[in-house]
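For reference, the structure is listed below as structure tokens.
The values are calculated or read from the model by the stated rules, or taken from the named source; none is laboratory data. Only a predicted model underlies this, so the values are computations on that prediction, with no experimental measurement involved. Using ideal geometry, Cβ is built from the backbone for each residue, glycine included, and neighbour counts are taken over all protein chains shown.
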Amino acid sequence: MRGLVRKVIIYALAALVLVWTVVPIYWLLNMTFMHRVEMVTVPTHLYPHMPTLFNFQRVLGISASGLSGEIVPPSGHAAMIKRGLANSLILSCVVTALTLVIAMPVAYALGRLNFKHKNKILFAILGSRSYPPITVVIPFFMLYQNVGLIGTHQGLVIIYLSATVPLAAWVMMGFFSSLPRSIEQEARLDGCTRWQAFARVLLPMSWPGLAATAIISFLSVWNEFNFAFFLAGGSKATTLPPEIAGMFVLTQGSATEAAAATTLAIVPPLLLAYVFQGRIKSLNIVNPL
């Protein structure tokens, strides 16, 4: 009887978490495929009675057909949404690639080699991720203002790397440390240098860890709001999250158009996770300390 009660509680909590997670996403999609008139109908519709791509067309800069058949011009926010989408894709891909290039040798050294003060370096890396990012916005803003990096892609790349490289190094370090040392030793006995053993043997074995790290780095940049807002808000380098905020909160844009823009922001991470899900399933990270 006690086991049954425990199962019921577990399933009830799991169902609660599922509802808590799914309902906002469902309601976002519900708004996305509704006309604004239908959204403000009382009582509210639980699903679109007249599904439409009207909102997607307008935020992407395409004229759309209204409820009465009239042609509605593109949204006034279309240009900034497309600019934010392009900037987010470019910055996320560039920062992810640079993060992997920089963090891989660091993670290899920390995960496979023993040297003095190694644990202090590990805790320093962990400590660099322990404070809220908002706490360093003002120092970076003052620095960037003095060197002319406000509102530039280069400035955002630098500050994003300062956040993603420590995290990526920590994740990959755990994976590198879990690989059998005998494989690397055999490669060295066959005449490989340490670098050749790393590139030819360890890296191919590390694809699951690299895939997971790439996704983490990509999502960290894609979802980042504070740095993009304070250091590039309103400029040519503004990313998608601040643009959506500016569309809906600051300029009182249509809720359905904002929902469509937010749905567009969800698509690339979902596609990335879908493509690399096989790699992530095989990931096995151990504690490097």
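Among the residues of region 83-94, are any over 27 Å from Pro241 (Cα atoms), crowded, with 18+ Cβ neighbours inside 10 Å and within 26 Å of the chain's Cα centre (by Cα)? Step through it out loud before you land on a result.
Looking only at region 83-94, we keep the residues that are over 27 Å from Pro241 (Cα atoms), and these are none.
No, region 83-94 contains no residue that is over 27 Å from Pro241 (Cα atoms), crowded, with 18+ Cβ neighbours inside 10 Å and within 26 Å of the chain's Cα centre (by Cα).
Each residue in region 215-231 was checked for being modelled with pLDDT under 90 and small (Gly, Ala, Ser), and 0 pass. Hey, among the residues in region 72-82 that are closer than 17 Å to Ala232 by Cβ and surrounded by fewer than 23 Cβ atoms within 10 Å (Cβ to Cβ), which one's modelled with the highest pLDDT? Step by step, filter region 72-82, then rank; the result is Lys82.
Is it true that Leu16 is in the same structural domain as Val201 (by TED's automatic domain parsing) and farther than 18 Å from Ala265 by Cβ? Write out each step before concluding.
Working: in the same structural domain as Val201 (by TED's automatic domain parsing): no; farther than 18 Å from Ala265 by Cβ: yes.
So Leu16 does not fit the description; no.
Contact map, region 254-271: first residue at pLDDT below 90, second residue part of a loop (DSSP other than H, G, I, E, B), Cβ cut-off under 6 Å, separation 6 or more or different chains; pairs are Thr256/Met34; Glu257/Ser75.
Being touching a residue at least 12 places away in the same chain (Cβ under 8 Å), among the β-branched types (Val, Ile, Thr) and over 30 Å from Ala261 (Cβ atoms): is that true of Val221 here? Before you say what the answer is, go through the steps one by one.
Details: touching a residue at least 12 places away in the same chain (Cβ under 8 Å): yes; among the β-branched types (Val, Ile, Thr): yes; over 30 Å from Ala261 (Cβ atoms): no.
When the stated conditions are applied, Val221 does not pass them.
Quick grid of which residues meet (1) in contact (Cβ under 8 Å) with a residue 12 or more places away in the chain; (2) closer than 30 Å to Thr238 by Cα:
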| position | (1), (2) |
| --- | --- |
| Ala103 | yes, yes |
| Asn114 | no, no |
| Lys120 | no, no |
| Ser128 | yes, yes |
| Thr135 | no, yes |
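Search region 31-48 for residues being out of contact with any Ser or Thr (no Cβ under 9 Å at 6 or more places or on another chain) and not in a helix (DSSP H, G or I), and hand back the single one that is surrounded by the most Cβ atoms within 10 Å (Cβ to Cβ). Among residues in region 31-48 that are out of contact with any Ser or Thr (no Cβ under 9 Å at 6 or more places or on another chain) and not in a helix (DSSP H, G or I), the one surrounded by the most Cβ atoms within 10 Å (Cβ to Cβ) is His45. Of the candidates Tyr144, Tyr131, the single residue that is among the aromatic types (Phe, Trp, Tyr) and in contact with a Leu (Cβ under 7 Å, 6 or more places away or on another chain) is Tyr144. Looking at this structure, is Met104 in contact with a helix residue (DSSP H, G or I) (Cβ under 7 Å, 6 or more places away or on another chain), in the same structural domain as Thr262 (by TED's automatic domain parsing) and not in a loop (DSSP other than H, G, I, E, B)? Yes.
Checking the structure you have, find out if any residue of region 58-65 is in contact with a strand residue (DSSP E or B) (Cβ under 9 Å, 6 or more places away or on another chain), under 25 Å from Asn30 (Cα atoms) and part of a helix (DSSP H, G or I). Can you show your working first?
Of region 58-65, the ones in contact with a strand residue (DSSP E or B) (Cβ under 9 Å, 6 or more places away or on another chain) are 58, 63-65.
Still in the list and also under 25 Å from Asn30 (Cα atoms): 58, 63-65.
If we keep only those that are part of a helix (DSSP H, G or I) too, we end up with 58.
Yes, some residue in region 58-65 is in contact with a strand residue (DSSP E or B) (Cβ under 9 Å, 6 or more places away or on another chain), under 25 Å from Asn30 (Cα atoms) and part of a helix (DSSP H, G or I).
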